[in-house]
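Visitor: My structure is below; once you've seen it, I'll send some questions.
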Amino acid sequence: MSDQTAAPTPAALLPRHPADGFTADPLGVLDEGHCRHGPVYRMPVDGVDTMLVGTWAGLGELFAAERGRLDVLNTPLVHDLFGRALFNLTADGHGEARRRLRPALSGRALPGYVPPLLDVIGPATDRWARQGTADLHGQVRELTGAMSARVLLGITPAEADADQFAAAFEEFVAATGAPPGPARYADRRYWAGRSARRDLHALFARRAAQTAGDAAGGAALAGLVAAFADAPAGAGPLEDHLLALLIAARETTASLLTWCLVELASHRDHAEYAASEARAVAADPARLVARDGLPVLRSVLAETLRLHAPNLLSTREAVCPLTLASHRIEPGTRVAYSPSAGHFDPEAFPRPRQFRPGRFLTGQASASRLWAFGGGAHACLGRPLAELMALAVMAAALQKGLPHLPDGPPARISFRPAKAPIDPLPFALEPAS
Ligand code: HEM
């Protein structure tokens, strides 16, 4: 995309786009900016001048140029709470930590997670079929927390650690809402979160000691303990990474599941089509991790990720000069991208505002054009696990009934920390006709 022959233009000359209406319709504002100005422009985000990068090609160029030139921009609050977790690391330590974390979150590890996941999911989907719920997103968040605790740490919902973990984790999550700068010290949530972090680290260490040598518990912990046993200090401590994985998994996966169920409730024909595939999972759960298994459910997942990418913006800071879309970016520039920046391009996705999972089945559209899981140096490490959890919940739900929203789809939406309904959303699974 960048013109390699012409001298790059200084980023200060980039077109500026107004942030008006960003809170209510951030994707609309970002999209309009890219339609008007192309892959890069400047806009204030949360009051700070930011260089926005978008379009499918723009993100490809960003991710290709990122390593060593752009660092994830995390606030002092995030550094305090997460310590040396993956997304706070840079350079070699970051690469080393990713290499050690990845095997437990993908590939051959996944089939072992299927039975424990189904154990956790069953009671929740039974409840939705029996009595429904007054708050779909709240329930799905809780379920995602229970799935992550089970698969990452080996905590089953019935054991004493489950309540202790859930309570400390909620305190910790609440602390992420404290002011990002010096004002955090005056916020009660910050100190409660620091204390919850210590409790969670102690719980992780205790469970890690229990799991040592037990590679078969259907949890990632045993493999992670082994992978970090001889890790260099630069790779960060496993306790920090575990907390980061739990946080990275929760709001995003809960968001994806909520919107999958909302869209299926509004498109009964797709729900019925997906339900017939879901019934085959009951007989053969291994399909959940088969490479080309479950094309219909996967197409629903892809179309939901396209329309409702959970993350709104990811932010970087230039640490070395670089060129993006023929513009020279100086160190210190704040850069942000939206994972859905190219998801509404009518050339890649005809009728982009419509929910049409079939586009991914017929080859009309390719899931490789989606950036919902990011890309480049910080691409989502939990993508295979997120997809497994989402497919497992959808399959279990559709085996019990078709999604139904008695009060209709959500009227008000918030976009951060992940896209979610603002108000409680009544939901039920209805027997298929
Ligand atoms: C639908 C669910 C998910 C979505 C949409 C999602 C999306 C993303 C995105 C867009 C990024 C890149 C952020 C950036 O560029 O700064 C990211 C990073 C990350 N994700 Fe996910 N994620 C999901 C689920 C998960 C799960 C289940 C886990 C772990 C079990 C996970 C772990 C991580 C980690 C550790 C990173 C940071 C990687 C790094 O900094 O190197 N994510 N995710």
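Computed from the coordinates by the stated procedures, all read-outs in this text should not be read as laboratory data. What you are looking at is a predicted structure, and each value in this text was computed from that prediction instead of being measured. Cβ atoms come from the backbone with ideal geometry, glycine included; neighbour counts cover every protein chain shown.
Visitor: Placing +1 at every Lys and Arg Cβ and -1 at every Asp and Glu Cβ, with all other atoms neutral, what dipole size does the chain have around its Cα centre, in debye to the nearest 20?
Guide: Roughly 380 debye for the chain.
Visitor: Let me ask you something else. Amide H neighbours of residue 42 under 5 Å, counting only residues 5+ apart in sequence or on other chains, H built in-plane at 1.01 Å?
Guide: Distant-sequence amide H within range of residue 42: 16, 17, 52.
Visitor: Would you pull out the residues with amide H under 5 Å of residue 328's amide H, same chain only if 5 or more places away, H placed 1.01 Å from N?
Guide: For residue 328, whose amide H was placed from the backbone, the distant partners under 5 Å are 9, 11.
Visitor: Going by how many other Cβ atoms sit within 10 Å of their own, how do 359, 127 line up, fewest first?
Guide: Numbers: 359 21, 127 16.
Lowest to highest Cβ neighbour count: 127, 359.
Visitor: Quick one: check the C-alpha center-to-center distance for the stretch 60-100 versus the stretch 182-246, whole angstrom.
Guide: Using only Cα atoms, the two centres lie 18 Å from each other.
Visitor: What FRET efficiency would be calculated for the residue pair residue 351, residue 156, taking the C-beta separation as r and a Förster radius of 51 Å, to the nearest 0.05?
Guide: On the way: r = 45 Å, r/R0 = 0.87.
Efficiency, rounded to the nearest 0.05: 0.70.
Visitor: A further question follows. Summing -39500 (n - 2.57) over the DSSP H runs of n ≥ 4 in the chain and dividing by its residue number, what mean residue ellipticity at 222 nm do you reach, to the nearest 500 deg cm²/dmol? Don't skip to the answer; put the middle values down first.
Guide: Working: 14 runs with 199 residues, N = 433.
Per the formula, -15000 deg cm²/dmol.
Visitor: Please work out how much length the chain gains when fully extended from residue 174 to residue 106, using 0.36 nm per residue of separation minus the C-alpha to C-alpha distance, in nm with one decimal.
Guide: The residue 174-residue 106 span can extend by a further 21.6 nm.
Visitor: Right, here's the next one. Mean Kyte-Doolittle of at least -1.0 and a Cα length of 30 Å or more along the axis: which whole DSSP H helices of the chain meet both? Show your work: numbers first, answer last.
Guide: On the way: long enough: 188-211 (34 Å, -1.03); 238-266 (42 Å, 0.97).
Within the chain the helices that satisfy the rule are 238-266.
Visitor: Now a separate question. List every residue whose amide H lies under 5 Å from the amide H of residue 402, counting only residues 5 or more places away in sequence or on a different chain, with H placed 1.01 Å from N in the peptide plane.
Guide: 430, 432
Visitor: Would you kindly calculate the translational diffusion coefficient of the chain, applying Stokes-Einstein with the Kirkwood radius from alpha carbon pairs, for 37 °C and a viscosity of 0.692 mPa s, and quote it in µm² s⁻¹ without decimals? Walk me through the numbers before you get to the answer.
Guide: Working: Rh = 22.6 Å.
For these conditions, the coefficient is 145 µm²/s.
Visitor: Separate question: Roughly how big is the stretch 49-90's charge dipole about its Cα centre, with Cβ charges of +1 (Lys, Arg) and -1 (Asp, Glu), in debye to the nearest 20?
Guide: Details: 3 positive and 5 negative charges, 32 e Å.
Using Cβ point charges on Lys, Arg, Asp and Glu, the stretch 49-90 gives about 160 debye.
Visitor: Would you kindly derive the ³J(HN,Hα) couplings of the stretch 358-364 from the backbone phi angles with the Karplus curve 6.51 cos²θ - 1.76 cosθ + 1.60 (θ = phi - 60°), listing them in order in whole Hz, with x for Gly and Pro?
Guide: x, 4, 8, 7, 8, x, 5
Visitor: Using the Cα centre as the reference, give the magnitude of the dipole from point charges on the C-beta atoms of the stretch 278-326 (Lys, Arg: +1; Asp, Glu: -1; all else neutral), rounded to the nearest 20 debye. Show your work: numbers first, answer last.
Guide: On the way: 6 positive and 4 negative charges, 25 e Å.
Dipole of the stretch 278-326, to the nearest 20 debye: 120 debye.
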